[in-house]
1. Under 4 °C and 1.567 mPa s, how fast does the range A:110-185 diffuse according to Stokes-Einstein, given a Kirkwood radius computed over C-alpha pairs? Answer in µm²/s, whole number.
2. Mind checking the mean number of beta-carbon atoms from other chains within 10 Å of the Cβ atoms in A:159-170?
3. Can you list residues from other chains, or at least 5 along the same chain, whose modelled amide H is less than 5 Å from the amide H of B:Ile36?
4. Show me the ranking of peptides B:181-189, A:155-163, A:206-214 by mean Cβ neighbours inside 10 Å, starting with the highest.
5. In sequence order, what are the phi-derived ³J(HN,Hα) couplings for the range A:201-212 according to the Karplus relation 6.51 cos²θ - 1.76 cosθ + 1.60 with θ = phi - 60°, rounded to whole Hz, with x for glycine and proline?
6. Any chance you could tell me what percent of the C-alpha pair distances in the range A:103-230 go past 24 Å?
7. For B:Leu216 and B:Asn191, compute 0.36 nm times the residue count separating them, minus their Cα-Cα distance, and round to one decimal in nm.
8. Given N residues in the range A:98-147, what is Rg(Cα) / (2.2 N^0.38 Å)?
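Please treat every number below as a calculation from the coordinates, not as lab data. Since we're looking at a predicted model, the values are computed, not measured. Here the Cβ is made from the backbone with ideal geometry for all residues, glycine too, and neighbour counts use every protein chain on show.
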Amino acid sequence: MSTLQVSRLGALNTDSGGILLSDRIQQVQEPPGPLGGGAGQNPGVNRLSAYDGVVIPNLRLNVINRGDPAAGDALVELRTFDQVHYYQTAGAVLNLRTSVVPNAIYEFTYTSSGGAANIDFVLNPNGASYSNEFRDQYYYTVGGGGFSRTDQTLSTIYFDHLAGGTGVSPMGTFRFTTGPTNKYYTYKGSDNENLVFGYGRWTNNSRTWDFVGQLNFNGDNKRCWIRRIG
Amino acid sequence: MTTLKVTNLQTSAGVSNIAINANTGEVTLPNGLEPIINDRSNLNAAGYGRAYTDELGPPLMNFNEVHYYETPGASLLLYTRMLRDAFYEFTYTSSGGAENTDFVLYPNGLTYGGQFQAVYRATQGSNGSFDEANQTLNHFYFDHQFGGDGNNSMGQMIMYTGNGTGADKMCFYFGADDGTNVSYGFNRWTNDSVEWTWVGLLTFNGDNKRCWIRRLG
């Protein structure tokens with residue numbers, strides 16, 4: 001049994017089950033313990049985050065281990081904003097079999113350790129290539145603090161960390177909007193030698209972005225965390 | 001004070017596996033529920049100078065909720081109420097319309113003379129070099145390029161609302177467009193006595209703006 005003292009309860013979204021809480025909610029009837037419950041104290045109040053009288057329910061992140069799916073394995077949708085799809089492989093190729101919906105934003109962060117040097121970030125959306133449909137521009141360091149720029153129209157989403165053959169152990173964040181017409185993305189990545197900022201567009205507005213795609217570039221032991229953010 | 005004893009919650013569709021942790025009070029939503037997207041696109045927004053009204057509605061009250069805005073035009077009123085001492089983020093896109101993306105946000109839909117210190121670096125022209133800009137203005141501002149081109153922009157802004165007693169309001173921005181431009185910057189709202197009560201008005205070149213706002217912390 002949990003008892004909540006509620007001075008004002010906001011709306012319960014009857015479709016999603018989401019709860020909009022308003023004002024302060026204090027948990028009571030908590031057993032006395034180190035964190036509260038003694039005489040003269042307000043038991044349990046520190047268990048919830050409170051700012052200006054507003055409490056944010058401490059929803060737990062729900063990390064779903066999708067492993068290392070094959071190219072034809074089932075697609076799975078992210079159904080809440082606090083749900084994460086986690087992928088991992090010992091190799092260099094990682095199929096991100098997370099389905100995406102129109103008019104939304106997704107973001108993933110990846111890491112890679114070991115394997116071949118020269119990090120040229122490649123994402124094949126929907127696991128396919130589309131000739132000359134991706135217009136990418138990016139800015140990358142080339143030794144020292146200076147940046148160079150590259151503009152390319154390719155069949156994949158592509159951001160070179162360095163216009164050369166070095167660099168290992170990358171980490172990067174890729175954020176994209178799914179259209180349904182205009183589809184945009186930004187990229188921030190780095191490795192042990194280089195730094196890159198990128199932006200691009202999938203210029204064929206009639207395409208549908210069905211699932212995230214396939215990561216396929218140098219560097220083994222890829223890990224990837226995907227979430228929906230809008 | 002009303003006391004509400006809660007042991008079970010369910011939606012109108014009969015979904016009842018919404019857990020309440022009896023020890024911590026945490027509420028856990030089950031898998032399979034849709035994200036909470038509050039479409040705020042249909043507000044009858046007056047734009048610049050809009051005063052705080054009840055139309056702001058509730059703030060973003062949990063991390064599983066997003067406010068979504070869209071307009072076919074260039075100006076977009078982000079009518080999301082914000083709380084003190086909190087972090088928010090929005091991502092926007094824009095397609096078509098006039099060129100030259102100079103990101104502008106009027107917080108609270110207003111200008112405040114000389115209260116915004118911008119520090120940002122933006123690329124310039126055909127090479128990869130970043131140019132420096134340090135400006136004091138009456139609103140949040142990040143130029144994507146110190147010139148007149150660039151369209152189809154996408155950007156991300158992380159906002160801290162300050163605590164009113166020394167922890168300044170500030171933001172961090174990363175944006176780009178197809179004019180071969182990218183901008184990376186920081187901006188501080190220097191007047192601690194002004195509350196950042198709602199996100200504000202986005203108004204700069206580029207039509208068909210879309211914006212997703214969420215609370216980060």
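1. On the way: Rh = 13.8 Å.
Once the numbers are plugged in, D ends up at 94 µm²/s.
2. Values: counts 0, 0, 0, 0, 0, 0, 0, 0, 0, 0, 0, 0.
Mean shielding count: 0.
3. Hits under the 5 Å cutoff: A:Phe81, B:Val66.
4. Working: B:181-189: 22.2, A:155-163: 20.7, A:206-214: 18.1.
For the peptides B:181-189, A:155-163, A:206-214, the packing ranking is B:181-189, A:155-163, A:206-214.
5. Each residue of the range A:201-212 in turn: 9, 8, 7, 8, 6, 8, 6, 10, 7, 8, 9, 3 Hz.
6. Working: 1889 of 8128 pairs.
The proportion of pairs with Cα distances above 24 Å equals 23 percent.
7. Working: separation 25, 0.36 × 25 = 9.00 nm, distance 2.31 nm.
The span from B:Leu216 to B:Asn191 would gain 6.7 nm if fully extended.
8. Working: Rg = 14.9 Å, N = 50, 2.2 N^0.38 = 9.7 Å.
Expressed relative to 2.2 N^0.38 Å, the Cα Rg reads 1.53.
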